[in-house]
Structure formats: structure tokens, C-alpha cells
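Bear in mind these aren't lab numbers, they're just calculated from the coordinates by the rules spelled out. Only a predicted model underlies this, so the values are computations on that prediction, with no experimental measurement involved. Here Cβ is always computed from backbone atoms with ideal geometry, including for glycine, and neighbour counts include all displayed protein chains.
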Amino acid sequence: MFMAEYTYSGRDEKGKMITGLIEKASENDVANFLLKKNITPVAIDVFHRQASFNDILQQYTKRKKVSDEELVMFCRQMYTINKAGLPLMQGLESLSVSISSGPLQECLIDVTHRLETGVSLSSAMGYHRHIFNNLFLGMIKIGEETGKLDNIFAQMGVYISRDIETKKSIKSALRYPSFVLSAMVVALFVVNLMVIPAFADMFSRFDAELPLPTRILIGTSQFFVDYWWLVISILAIIIMGLVAWIKTPDGQFLWHRLKLHIPIVGSLVNKAAISRYIRSFSLMLSSGLSMNKAIGLCADIIENEYLSFQIKKIKEGVERGDTLYRTHKKSGMFSPLILQMIQVGENSGQVDTLLMEVAESYEREVDYDLQSLSSKIEPILILIMAGFVVILALGIFLPMWEMFSIQQ
């Protein structure tokens, strides 16, 4: 159960000012407690205690993330509870008891307690934004307003399931290239630190001029042997510098923009992000959310900052009275197919239905691109490996062939 500390001030029956510090779940709980003590509340404020190092450490170690799979199961169970007509608090209590202990169970217990104080489900879930994102909360609020919470939970379950499938496909497609690149990096260090020095020692016994490729290999290897610590330090500094720069607003914006133009992978990242935007936009429109608010929520849930910025510009254009078709066309992000469907949807009043069809089409394209990603990357990896082997072979075997010719 979520508890917080509150400072309060109030007057008793004699008009005397009473102040204190109390731990309760909400301001309503504090007010009820004071009224039971015949104290009329004057002011109730959250007490912000200065966190110690141990408090901060515990906060980060104890707050575990809820997996997407758990959220899908939660949505399906909540759909069943609402469809069966069970009271919301009763359903949440039963659900919190049935699931295994963890952050989701703690969250549901706290949400149930907050519902008992009279707050709405979306407001109670809003205290756990590390579990429920803006899209989730916005959709729950729509479900409360329209009385269709069961449909909302069903739609969110499908939405999150598709996200899971896409992430798994991306990981599966990148597993082999990542393994090959890692093996090449390890091989590069082993060859430079162990293999080439052994051959260099053998070649030094012969008083002969070595070919240029061999001299380059031996020089590179000698640098690695003598200054391996410097190489590792420089790489570590570069990586940490890039990570720190990407975490800055400007760096993140530029990096997210560059990701869209990376050969082979960039178009895939762009399609996946656009597909998520279209599906989210269609889902919110079909649920009854206003167009401006739907676009704003879509901008918040898109993980690419550059695309999020472009979507916010679309929202600004719509707020000025421009059409969906023109604002989307000005962004330069969308294919002619999407723009055509938006235009037809605006004219027919079925934007949500047509966009859902476009989203499914885009998702099929993303699935196809993911399946063919390995076949596109493999020739590049083979060329890199072939080049590495050729350079190594020339550097080592050329002097050996020359020595063999001299001996004959």
C-alpha cells in the first residue's frame, strides 16, 4: 500500500491551532483522521523529506519494472472482470491476490486503496507512471468516460502484444549479426596480441626486408601490445562520451534523427515507429478521444524524439485549423499510401478505420523486413570477414613464401 507523509494544521473544538506530521495514503485520509479527532483541517500538505543515500539506493533497487507480458495478462484479466460485470474494487482485490508478489501486485493493492478514497481508476493508476504510460492512462480515462472499460482493456492487450512481437522479431533478427561482430572484435584482439607477435618474432630472425602488408600488421600489433591499456581507455572514453551526449536533449534529438538514415536498419526503425504512431492514433480516435489530444498522446509515447517533434508540429497545425492531410504531408514522414488514406478518411469521416488498415499493412512490411534483415546484413559481414582474412593472410604468408623461394 502506498503511504506518504503529510503535514497538517487545524483547529480543535476550542479554536486552538494544532499542527503535526502523519503518514496516510491520501489527503482525504488525513482529513478524515483529523475530523474523527474533532479537529477542523486548515491546511494539508505533502511532506518532502530529504532523502538519504540509503533511501535513494533502496528506491532504485526495489522499483522493478513490470514486463510487457505481465501488462498483457493484466489487460486480459481486467477485460474479463469488466465484461463479467464485477465491481471494480472487488475485481482488483481478487486480481492482486491471485498474481505473484512483485511490483504489479504492490501497484494493484495501492490502486485498490486509492479507489476506496473515491478517486477514479485512471487517477489511481496515474500514481504509477513507471508502469502505465500516458497512452495507457489516457485510454483508461476514455473507457471511464464512455463506460467501455472492457473494450479499452481488450484493445490495450492487443496493442501491447503487437509491441512485444515486434521487439522479439528485432532481437531475433539482430542476434546473428551481433554475435558475428562480437566474434570479429575478439578475434582482432587475439590476433594482434598473440598470433602476430609470434610470427614477428620468427621473422626477426631472418635478416630480410619484409613486405609492406607484413610491416603494417607487425606495427599495428606492436602498438596493441605496448599500448593496449591506452586503446581500451580511448574506446571507453569515446563510448561513455557518446552515451553522455546522447542523454542530452540535443544529442538525443540528433541521434534519433540519424538512426532513421542508417543504411538497411534506418528504414526499418522508421517504419516501426510510424506503424506504432498510426495504430495508436487510430486506437484513440476509435475510442472517442479528440483529435488534438490523440495526436498529443501519440507524440508522448513515440520513443524517437525527432519523430515525436514532427508529430507535435502536426498537432500545432491541426490546432490552427489545418487538415490532417496537409499537416501530415508537410512533415515529410509519411508515404503516399498513408497520406491518401488520411485524405479519404477525412472526407468520409472514417479516419480511424482506414488508419487501422494502414497500420496492419505497415506491420506486415515491418515483419517482412525483419525476416529479410539477416539476409541483407550477411553479405556485408562476409565481405568484412573476407577482407580481414585476406589482409592477415597477405601479411603473414607473403614473407613466408619469399623465404621459401630464397631457400630454393
Translational diffusion coefficient, Stokes-Einstein: compute it for the chain using the Kirkwood radius over C-alpha pairs as Rh, at 10 °C and 1.306 mPa s, and state it as an integer in µm² s⁻¹. 59
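Ranking request for peptides 151-159, 35-43: highest mean number of other beta-carbon atoms within 10 Å first, then the rest in descending order. If you can, show how the numbers build up before the last one.
Values: 151-159: 19.8, 35-43: 12.7.
Most protected by this proxy first, the peptides run 151-159, 35-43.
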So how strong a dipole does the chain carry about its Cα centre when Lys and Arg Cβ are +1 and Asp and Glu Cβ are -1, to the nearest 20 debye? 620
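Sum up the charges of everything whose Cβ sits under 15 Å from the Cβ of residue 305, counting Lys and Arg as +1 and Asp and Glu as -1, but leave residue 305 out.
+3
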Cα-only Debye scattering, the range 278-408: base-10 log of I(q)/I(0) at q = 0.20 Å⁻¹: -1.14
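Would you be so kind as to identify all helices of the chain, as entire DSSP H runs, whose Cα atoms reach 24 Å or more along the helix's own axis and whose mean Kyte-Doolittle hydropathy is at least 0.0?
Qualifying helices: 149-190, 212-247, 265-286, 351-407.
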Rg/Rg_globular for the range 67-132, with Rg_globular taken as 2.2 N^0.38 Å and Rg from C-alpha atoms: 1.02
Highest mean first, how do 107-115, 160-168, 76-84, 227-235 rank when packing is the count of other Cβ atoms within 10 Å averaged over residues? 107-115, 76-84, 160-168, 227-235
With the cut-off at 22 Å, tell me which of the pairs 141/313; 247/315; 14/36 have Cα atoms farther apart than that. 141/313; 247/315
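Tell me the mean residue ellipticity at 222 nm calculated for the chain from its helices only (DSSP H runs of n ≥ 4, each -39500 (n - 2.57), averaged over every residue, nearest 500).
Counting only the DSSP helices, I get -25000 deg cm²/dmol.
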Between residue 239 and residue 27, the FRET efficiency computed from the C-beta separation at R0 = 30 Å comes out, to the nearest 0.05, as 0.05
If the cut-off is a Cα-Cα distance under 16 Å, which lysines reach residue 148, setting aside same-chain residues fewer than 8 apart in sequence? 83
Of the peptides 302-309, 209-216, how do they stack up when ordered by the mean number of other Cβ atoms within 10 Å, highest first? 302-309, 209-216
